[in-house]
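Engineer: First the structure, which I've put down as structure tokens, then a few questions once you've had a look.
Please treat every number below as a calculation from the coordinates, not as lab data. Worth saying up front: this structure is predicted, and the values here are computed from it rather than measured. A quick note on method: Cβ atoms are made from the backbone with ideal geometry, for glycine too, and the neighbour counts reach across all protein chains shown.
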Amino acid sequence: MLTRRRFLHTSAATGLTLASSHLAAPALAQGAKIRLGYVSPQSGPLAGFAESDAYNIKAFLASEAGANFEVIVKDSQSNPNRAAEVAKELIIDDEINLMLVASTPENTNPVATTCEAEGMPVISTAAPWQPWFIGQQGNPGDPASWKPFDFAFHYFWGLEDVIAVFLNMWNQLDTNKSIGGLFPNDADGNAWGDPNVGVGPGFAAAGYTLNDPGRYQNLTDDFTAQINAFKAANAQIVTGVVIPPDFTTFWNQAKQQGFAPKAATVAKAILFPQSVEALGEAGHNLSSEVWWSNTHPFASSLTGQSAADLAAGFTAETGRPWTQPIGFIHSLFQMATNVMGRVDDAADPEAVAAAIAATDMDTIVGKVAFNGAGLPPFAAANVCKTPLVGGQWRRKADGTFDLVVVDNQTAPMIPTGGVMEALA
Amino acid sequence: MIGVDTIVQGVLLGGLYALFAAGLSLVFGIMRLVNLAHGDLIVMGAYLILILVTLSGLNPFLAALVAAPLMFGLGWGLQRLVLNRTLGKDILPPLLVTFGLSIALQNALLEGFSADSRKISAGGLETASADLGIVTVGVMPLLTFASAIAVIVGLNALFYRTALGRAFRAVSDDPVTASLMGIRPAHVFAMATGVAMLVVTVAALYFGMRANFDPAIGPARLIYAFEAVIIGGLGSLWGTLAGGIIIGVAQTVGAAVNPEWQILAGHVAFLLVLLVRPRGLFPRAVD
């Protein structure tokens with residue numbers, strides 16, 4: 001098969017292309033397309049994160065800048081081992097110029113680690129930065145050994161942002177500042193529930209008490225112990241990082257057993273509207289962090305769409321409600337276009353990595369610049385933080401839900417759609 | 001106070017486990033067939049009820065009534081066309097076939113329903129609670145427990161009061177002699193799996209109303225069902241209920257000490273019972 005690269009090799013070797021000897025000219029100006037690799041969990045439990053892939057990639061390729069690119073998508077099947085394997089295939093067999101990856105640490109970390117090892121530039125998103133950065137270190141327990149990456153770059157928010165957003169939301173309510181925590185025995189639960197570096201110390205600093213009964217196993221059928229512990233502590237707020245089936249079990253049991261907190265602010269379980277709809281009326285006014293919504297005041301540099309247009313376009317094309325990952329998947333392709341527009345040779349990994357590091361652009365999820373703002377020094381070179389606000393699910397008459405931003409103290413440019421309401 | 005609550009909630013949870021396990025217990029008791037796809041069949045039943053509820057707007061309980069004959073037919077066909085061919089002296093073929101069935105079912109459900117987590121909505125019943133004086137319990141867990149007892153009473157009546165039950169017991173004891181008496185084991189086995197699928201429908205109804213389900217969630221629910229069957233003694237239906245309750249109470253008591261011990265406590269209880277009574281609490285017959 002005659003690939004672009006093989007053509008360049010042979011033509012350079014045989015001197016056939018003496019006439020067009022400016023091979024180092026900007027890649028965008030040449031006829032050959034830049035190859036983007038994209039690893040995404042299109043099947044398996046994380047498939048919800050990838051549901052906008054087809055929509056976003058189609059829009060990207062149809063845009064003016066997109067005409068210079070080719071996107072090669074590989075399904076990770078929600079399996080970290082497979083994610084690493086297909087990342088390697090993309091780098092070696094498909095000879096990509098830049099890797100894009102998103103959708104939880106289970107997907108971003110194996111791909112980013114593979115790329116770093118292979119010297120392939122990678123832009124990653126949609127995973128809190130601590131599990132992304134620290135999770136890829138040789139010894140996550142020893143901060144002194146942590147090293148920055150040469151080729152891996154990531155933009156998203158971190159645990160400190162979640163703590164701030166949750167506290168701001170709770171401060172809007174009149175509570176006794178007693179929190180019940182649901183932290184499972186998995187990567188997220190252990191990170192959030194860690195008594196030293198988890199969310200507990202942050203809450204304590206703001207005068208809140210976290211009652212953490214201990215790690216439970218995912219897919220537990222009974223939460224009586226936690227409910228009794230929360231009742232005993234008179235907890236008026238429930239928080240945690242819970243998978244959807246467990247949150248449904250917990251929430252129904254809490255109501256059955258007469259435990260009625262004023263706020264339930266959980267991550268993961270109520271990220272997707274489908275999970276909230278499964279709760280029915282019990283889903284009304286549940287709150288969580290919001291990383292992207294159709295009211296975010298940002299626009300796409302690729303298609304000129306606003307956040308609202310992008311969300312509406314997705315719904316029009318698929319008939320499904322918009323979800324938070326849509327904006328971030330779209331922003332990956334904005335990043336790729338911007339970065340490749342600033343390099344002379346797309347096939348030079350060092351140059352591409354340098355261009356990523358120099359990024360300073362407005363995306364549909366906010367400003368991305370790897371300037372270390374708001375980050376500890378060890379992560380400053382590789383991580384950029386995007387804005388995070390707090391939202392509440394409001395049930396409409398037809399049984400569907402709207403995610404309404406109720407607190408924007410952490411990112412005032414994002415408009416609120418209401419104020420925090422206590423649970424009935 | 002909290003102690004009583006923990007025990008009561010554990011007993012009610014045991015009802016759910018007994019429902020998961022009753023179908024398994026029935027099939028195992030009659031034909032020594034370990035159905036590894038049992039959990040996935042429950043999930044499939046939940047999707048079937050969900051479809052009926054969504055399409056027709058039926059109450060979930062009525063939808064389960066509609067789903068039951070379909071599930072019976074499916075179980076009958078499954079046994080007649082597939083599982084009967086695997087039965088024999090060797091216990092490995094049925095294990096392998098049901099294991100394969102489990103994987104095939106999960107992927108078929110994933111293909112048909114996507115990975116979205118779904119739930120059967122039961123309206124206000126989901127969160128309804130009943131104040132019993134000392135403890136406050138959910139109406140739904142109470143219903144689940146009552147249904148588990150009803151299922152076991154019903155199955156016992158079927159076993160010991162009807163001609164079909166006599167045939168079940170006969171082929172279970174000695175299929176060769178039973179067939180000399182004019183009983184066709186292949187047909188009886190198919191009927192047994194059909195009845196087991198009726199129980200699966202009941203389990204699917206409560207499972208689907210209790211928490212979200214997705215195509216991959218079946219196997220996680222299978223382990224407790226197995227343990228309940230083994231604790232109770234193979235072939236004993238009341239034993240299966242007792243087994244479910246023992247695991248349920250062990251889990252809630254373990255969790256009351258520390259949530260980390262919740263699942264472990266159930267497994268430890270299972271091992272302890274095996275240590276003291278290797279054949280389970282109420283073994284029905286000597287095999």
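Engineer: If you build a Gaussian network model of chain A, linking Cα atoms that sit under 10 Å apart, which residue out of A:Lys147, A:Lys262, A:Lys74 swings the most?
Structural biologist: Among A:Lys147, A:Lys262, A:Lys74, the largest GNM mean-square fluctuation belongs to A:Lys147.
Engineer: What is the distance in Å between the Cα centres of region A:315-344 and region B:231-287?
Structural biologist: 52 Å
Engineer: A:Asn211's amide H: which non-local residues (gap 5+, or another chain) put their own amide H closer than 5 Å, with H modeled 1.01 Å from N in plane and none for Pro or chain starts?
Structural biologist: Distant-sequence amide H within range of A:Asn211: A:Ile179, A:Gly180, A:Gly181.
Engineer: I've got another one for you. Are there any trypsin sites (Lys or Arg not before Pro) in region A:384-424 that are in a DSSP loop and have at most 15 other Cβ atoms within 10 Å? List them by number. Write down the numbers at each step before the final one.
Structural biologist: Numbers: sites: A:Lys385, A:Arg394, A:Arg395, A:Lys396; in loops: A:Lys396.
Passing both the DSSP loop test and the Cβ count: A:Lys396.
Engineer: A further question follows. Using the eigenvalues of the Cα gyration tensor, what equivalent ellipsoid semi-axes result for chain B when each is taken as the square root of five times the eigenvalue, whole Å, largest first?
Structural biologist: On the way: eigenvalues 173, 114, 63 Å².
Equivalent-ellipsoid dimensions as semi-axes: 29, 24, 18 Å.
Engineer: Also: For the protein assembly as shown, what is the charge dipole size about the Cα centre, in debye to the nearest 20, if Lys and Arg each add +1 at the Cβ and Asp and Glu each add -1 at the Cβ?
Structural biologist: That gives the protein assembly as shown a dipole magnitude of about 2220 debye.
Engineer: Further, regarding this structure: Can you compute 3J(HN,Hα) from phi for each residue in region A:275-283, using the Karplus curve 6.51 cos²θ - 1.76 cosθ + 1.60 with θ = phi - 60°, rounded to whole Hz and x for Gly and Pro?
Structural biologist: Once θ is set to phi - 60°, the couplings for region A:275-283 become 5, 6, 4, 4, 7, x, 4, 5, x Hz.
Engineer: For peptide B:9-17, what's the mean number of Cβ atoms from other chains within 10 Å of each residue's Cβ?
Structural biologist: On the way: counts 9, 2, 0, 3, 4, 0, 0, 2, 1.
Average neighbour count from other chains, rounded to a whole number: 2.
Engineer: Using only the alpha-carbon atoms, how far is helix A:104-118 inclined from the longest principal axis of chain A? Give it as 0 to 90 degrees, nearest 10.
Structural biologist: On a 0 to 90 degree scale, this one is about 30.
Engineer: Could you tell me what % of all Cα pairs in region A:287-411 have separations over 24 Å? Don't skip to the answer; put the middle values down first.
Structural biologist: Values: 2876 of 7750 pairs.
Of all Cα-Cα distances in region A:287-411, 37 percent exceed 24 Å.
Engineer: May I ask you to order A:168-179, A:366-377, B:244-255 by the average number of other C-beta atoms within 10 Å around their residues, highest value first?
Structural biologist: Working: A:168-179: 17.7, A:366-377: 16.2, B:244-255: 26.8.
Per-residue Cβ counts within 10 Å, averaged per peptide and sorted highest first, yield B:244-255, A:168-179, A:366-377.
Engineer: While we're on this one: Write down, largest first, the equivalent ellipsoid semi-axes of chain A in whole Å, where each equals the square root of 5 times an eigenvalue of the alpha-carbon gyration tensor. Present the calculation step by step, with values, prior to reporting the outcome.
Structural biologist: Working: eigenvalues 347, 97, 70 Å².
For chain A, the ellipsoid semi-axes come out as 42, 22, 19 Å.
Engineer: Moving on. Where does each of A:Glu64, A:Glu89, A:Glu289 land when they are ranked from fewest to most other beta-carbon atoms within 10 angstrom? Intermediate results must be reported in sequence, preceding the final value.
Structural biologist: Numbers: A:Glu64 9, A:Glu89 14, A:Glu289 25.
The most exposed by this proxy come first: A:Glu64, A:Glu89, A:Glu289.
Engineer: Which ³J(HN,Hα) values, rounded to whole Hz and listed in residue order, are derived for region B:92-100 from phi using the Karplus coefficients 6.51, -1.76 and 1.60 in 6.51 cos²θ - 1.76 cosθ + 1.60 with θ = phi - 60°, glycine and proline given as x?
Structural biologist: These are the phi-based 3J(HN,Hα) values: 6, x, x, 4, 5, 5, 5, 5, x Hz.
Engineer: Contact order normalised by length for chain A, with contacts defined as Cα pairs under 8 Å and 6 or more residues apart; what percent is it? Before the final figure, lay out each step's value.
Structural biologist: Values: 844 pairs, mean separation 68.9, N = 424.
Normalised by residue count, the contact order of chain A is 16 percent.
Engineer: Right, something else. ³J(HN,Hα) across region A:376-381 via Karplus (A = 6.51, B = -1.76, C = 1.60, θ = phi - 60°), whole Hz, x for Gly/Pro?
Structural biologist: Running phi through 6.51 cos²θ - 1.76 cosθ + 1.60 with θ = phi - 60° gives x, x, 5, 9, 4, 6 Hz.
Engineer: Let me ask something additional. Most mobile of B:Leu222, B:Leu81, B:Leu24 per a Gaussian network model of chain B (Cα springs, under 10 Å)?
Structural biologist: Result for chain B, Cα springs under 10 Å: B:Leu81 fluctuates most.
Engineer: Diagonalise the Cα gyration tensor of region B:156-256 and give the resulting equivalent ellipsoid semi-axes, square root of 5 times each eigenvalue, largest first, whole Å. List each step's numbers first, then the result.
Structural biologist: Working: eigenvalues 198, 57, 26 Å².
In descending order, the three semi-axes are 31, 17, 11 Å.
Engineer: Taking the Cα centre of region A:85-154 as origin, work out the dipole magnitude from +1 charges on Lys and Arg Cβ and -1 charges on Asp and Glu Cβ, in debye rounded to 20. Mind dumping the intermediate values first?
Structural biologist: Values: 2 positive and 10 negative charges, 70 e Å.
For region A:85-154, the charge dipole is close to 340 debye.
Engineer: Another question, if that's okay. Which of these, A:Ala254, A:Ala316, A:Ala235, has the largest mean-square fluctuation under a Gaussian network model of chain A (Cα springs below 10 Å)?
Structural biologist: A:Ala316
Engineer: In addition: So what does the Cα-only Debye profile of the protein assembly as shown read at q = 0.05, 0.06, 0.08 Å⁻¹, as log10 I(q)/I(0), no solvent term?
Structural biologist: Rounded to two decimals, the profile gives -0.29, -0.41, -0.70.
Engineer: Treat the count of other C-beta atoms within 10 Å as a stand-in for reagent exposure and order B:Tyr206, B:Tyr47 from fewest to most. Please list the in-between numbers first.
Structural biologist: Details: B:Tyr206 25, B:Tyr47 20.
The fewest-first ordering by Cβ neighbours comes to B:Tyr47, B:Tyr206.
Engineer: Taking Cα centroids, how far is region A:170-189 from region B:87-134 in Å?
Structural biologist: So the two Cα centres are separated by 31 Å.
Engineer: Follow-up question, since we're still on this one. Could you point to the residue in B:Asn107, B:Leu142, B:Ala163 farthest towards the positive end of region B:88-201's charge dipole, with +1 and -1 charges on the Cβ of Lys/Arg and Asp/Glu respectively?
Structural biologist: B:Ala163
Engineer: Here is a further query. With a cap of 10 neighbouring Cβ atoms within 10 Å, and only residues DSSP puts in a loop, list the trypsin sites (Lys or Arg not before Pro) found in region B:80-149. Walk me through the numbers before you get to the answer.
Structural biologist: Details: sites: B:Arg80, B:Arg85, B:Lys89, B:Arg118, B:Lys119; in loops: B:Lys89, B:Lys119.
Listed in order of number, the matching sites are B:Lys89.
Engineer: Most exposed first by the Cβ proxy, i.e. fewest other Cβ within 10 Å, how do A:Cys115, A:Cys384 rank? Mind dumping the intermediate values first?
Structural biologist: Values: A:Cys115 30, A:Cys384 25.
Least crowded to most crowded, the residues run A:Cys384, A:Cys115.
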